[in-house]
1. Run down A:ALA133, A:ALA150 and say which single residue is more than 11 Å from DNA strand D (Cβ to nearest atom) and modelled with pLDDT under 95.
2. Which ones in the stretch B:3-30 are more than 7 Å from chain A (Cβ to nearest Cβ) and in contact with a helix residue (DSSP H, G or I) (Cβ under 8 Å, 6 or more places away or on another chain)?
3. Got a sec? Which helices (runs of 4 or more DSSP H) wholly within the stretch B:140-201 have at least 2 residues that are touching a Phe, Trp or Tyr at 6+ places or on another chain (Cβ under 9 Å) and surrounded by 17 or more Cβ atoms within 10 Å (Cβ to Cβ)?
4. Might you let me know whether the stretch A:170-187 holds any residue that is under 19 Å from B:GLU37 (Cβ atoms) and either of a type in the set (D, E, K, R) or away from DNA strand C (no atom under 15 Å from the Cβ) (or both)?
5. Determine if the stretch A:204-213 includes at least one residue that is near DNA strand C (Cβ under 9 Å from one of its atoms), open to solvent by 70 Å² or more (accessible area, probe 1.4 Å) and either farther than 18 Å from A:ALA150 by Cα or part of a helix (DSSP H, G or I) (or both).
6. Going by the structure shown, is B:ASN29 surrounded by fewer than 21 Cβ atoms within 10 Å (Cβ to Cβ), of a type outside the set (Asp, Glu) and without any contact (Cβ under 8 Å) to a residue 24 or more places away in the chain?
7. Can you tell me which residue in the stretch A:161-186 is nearest to DNA strand D (Cβ to nearest atom), limited to those that are within 16 Å of A:GLU196 (Cα to Cα) and away from chain B (no Cβ under 14 Å)?
8. Quick one: is B:LEU34 of a type in the set (A, V, I, L, M, F, W, C), touching a helix residue (DSSP H, G or I) at 6+ places or on another chain (Cβ under 7 Å) and more than 9 Å from chain A (Cβ to nearest Cβ)?
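The values are calculated or read from the model by the stated rules, or taken from the named source; none is laboratory data. What you are looking at is a predicted structure, and each value in this text was computed from that prediction instead of being measured. Glycine gets a Cβ as well: all are built from the backbone with ideal geometry, and neighbour counts include every protein chain shown. With ligands, DNA and RNA removed, areas are computed over all heavy atoms of the protein, side chains included. Shrake-Rupley method; radii C 1.70, N 1.55, O 1.52, S 1.80 Å.
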There are 2 protein chains.
Amino acid sequence: MVGQRKIRLYVTVGQRMLRDSLLFQLLLNDDVELVGESETGVDTLNRLSATRPGVLLIEENLQDNDGLTIAESALSLQPSLSVLLISDTPVSTGRLAIYLEAGIKAVVSKHQPVQELMKTLLYIRNGQVYVSARNTAADDTPTALAAYRALSGREREVAHLMAGRVPVRDIAEQLGVSCKTVHSYKDRIFVKLGFERLPELILFMHRHQHGATS
Amino acid sequence: MVGQRKIRLYVTVGQRMLRDSLLFQLLLNDDVELVGESETGVDTLNRLSATRPGVLLIEENLQDNDGLTIAESALSLQPSLSVLLISDTPVSTGRLAIYLEAGIKAVVSKHQPVQELMKTLLYIRNGQVYVSARNTAADDTPTALAAYRALSGREREVAHLMAGRVPVRDIAEQLGVSCKTVHSYKDRIFVKLGFERLPELILFMHRHQHGATS
DNA sequence: CCTATTTGTAGGAATTTCCTACACGCAAAA
DNA sequence: TTTTGCGTGTAGGAAATTCCTACAAATAGG
């Protein structure tokens with residue numbers, strides 16, 4: 001009962017590289033269904049009625065227009081649309097208020113981690129507004145960090161080894177337990193930290209100096 | 001014998017969102033070992049000798065400096081370094097020449113697909129220079145597209161269904177073959193198109209109108 | 001017409017994912 | 001203090017996935 005129906009997603013991001021890497025991330029989630037993508041605002045508006053997205057993920061600064069304007073037009077065309085704006089800079093409370101006023105459901109800045117984007121997307125899927133806890137400063141994985149500190153000894157060992165890309169088999173051997181046990185640790189670690197795939201853990205461990213392999 | 005030793009990668013990208021999503025991509029490859037990351041050029045230079053990367057992936061336009069300058073400094077500090085520059089705009093032949101002159105191994109623009117980045121990274125890992133085929137215009141998955149057209153009938157059917165997130169089991173049933181067979185198709189499709197994970201296929205199919213699931 | 005490759009089909013082994021289980025210890029509640 | 005309960009170390013099972021290998025029929029090139 002995580003989420004009811006699929007998220008019909010439309011993505012408007014100018015640069016292909018960012019759009020692609022965002023989409024690769026987002027599409028890993030089964031609930032995300034891509035219904036369209038554009039580089040520009042006008043193109044987005046043109047294709048809106050044909051694609052009928054539930055969520056529009058759109059950059060604030062587009063080549064041809066600004067995202068806010070496009071979002072407003074889109075909302076007038078299709079009021080049920082949930083708009084998630086990606087801003088280039090951290091969002092001040094004042095700006096945020098303006099956005100919300102305009103009917104935008106959430107704003108994520110490019111200075112926030114990608115995971116934030118997915119999280120926000122999941123939140124606003126049903127038309128709810130979502131304001132992330134502290135999106136002003138360089139907050140960063142505060143949740144994950146707290147969770148990490150709460151890991152048990154064994155879990156940390158495994159987390160460390162996994163982040164160093166040590167194969168499960170070797171970890172099991174080193175710790176003198178069965179592979180199954182290692183997998184259990186892995187599962188628990190991922191659940192506790194809220195991660196889905198190895199790169200997330202690697203990156204996290206690296207960033208918190210817990211990952212030094214050698 | 002795909003690649004000899006691991007790629008010791010240092011990433012300098014200003015915006016967290018882009019950096020993260022690029023890293024998530026790149027770290028999916030076992031051969032990539034992240035040794036450091038920075039948002040700024042000076043920070044990169046400071047940490048260079050401590051991290052000793054083999055490849056420096058750096059944005060052209062940094063907040064504090066321009067990537068080219070930083071790259072040149074980095075190269076004088078550590079001549080064995082392979083620098084991969086990420087430019088904001090498509091790269092003209094002239095600019096490319098200047099970059100190569102400066103000792104940069106390759107340039108990828110943000111208007112190119114992410115896969116291009118990984119491909120390039122793999123190419124330059126051993127110090128070779130890599131100039132992608134046509135990086136001027138909106139080329140785009142020309143390889144994959146050609147490969148797609150060369151898929152056999154059965155393969156296309158499976159590709160289509162998989163892109164629509166139909167479970168393997170259901171595909172097998174629909175086509176009246178065993179799950180194993182479907183997996184074989186899947187493997188072949190991925191090999192032929194040069195993809196690694198489902199989102200790539202989904203995106204590709206979507207972009208070429210082959211993915212419409214009703 | 002004959003060899004070489006592609007295509008449709010599938011099996012096996014190793015790994016991974018997702019659950020469930022369960023004893024033990026420590027901590028809070030009674 | 002005795003009980004109840006949650007977290008931790010440990011592991012098993014089922015299903016799915018990945019990575020190979022196999023092999024006959026179809027087909028394309030000579």
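1. Details: A:ALA150 fails: more than 11 Å from DNA strand D (Cβ to nearest atom).
Sole residue among the options that is more than 11 Å from DNA strand D (Cβ to nearest atom) and modelled with pLDDT under 95: A:ALA133.
2. To start, the set of residues in the stretch B:3-30 that are more than 7 Å from chain A (Cβ to nearest Cβ) comprises B:3-14, B:19, B:26, B:29.
B:GLY3, B:ILE7, B:ARG8, B:LEU9, B:TYR10, B:VAL11, B:THR12, B:VAL13, B:LEU26, B:ASN29, listed by residue number.
3. Fully inside the stretch B:140-201 and qualifying: B:142-149, B:153-163, B:179-193.
4. No: the stretch A:170-187 contains no residue that is under 19 Å from B:GLU37 (Cβ atoms) and either of a type in the set (D, E, K, R) or away from DNA strand C (no atom under 15 Å from the Cβ) (or both).
5. Checked against the condition, which is being near DNA strand C (Cβ under 9 Å from one of its atoms), open to solvent by 70 Å² or more (accessible area, probe 1.4 Å) and either farther than 18 Å from A:ALA150 by Cα or part of a helix (DSSP H, G or I) (or both), the stretch A:204-213 yields no hits at all.
6. Here the answer is no, as B:ASN29 does not meet what is asked.
7. Here the answer is A:SER184.
8. Against the criterion (of a type in the set (A, V, I, L, M, F, W, C), touching a helix residue (DSSP H, G or I) at 6+ places or on another chain (Cβ under 7 Å) and more than 9 Å from chain A (Cβ to nearest Cβ)), B:LEU34 does not qualify.
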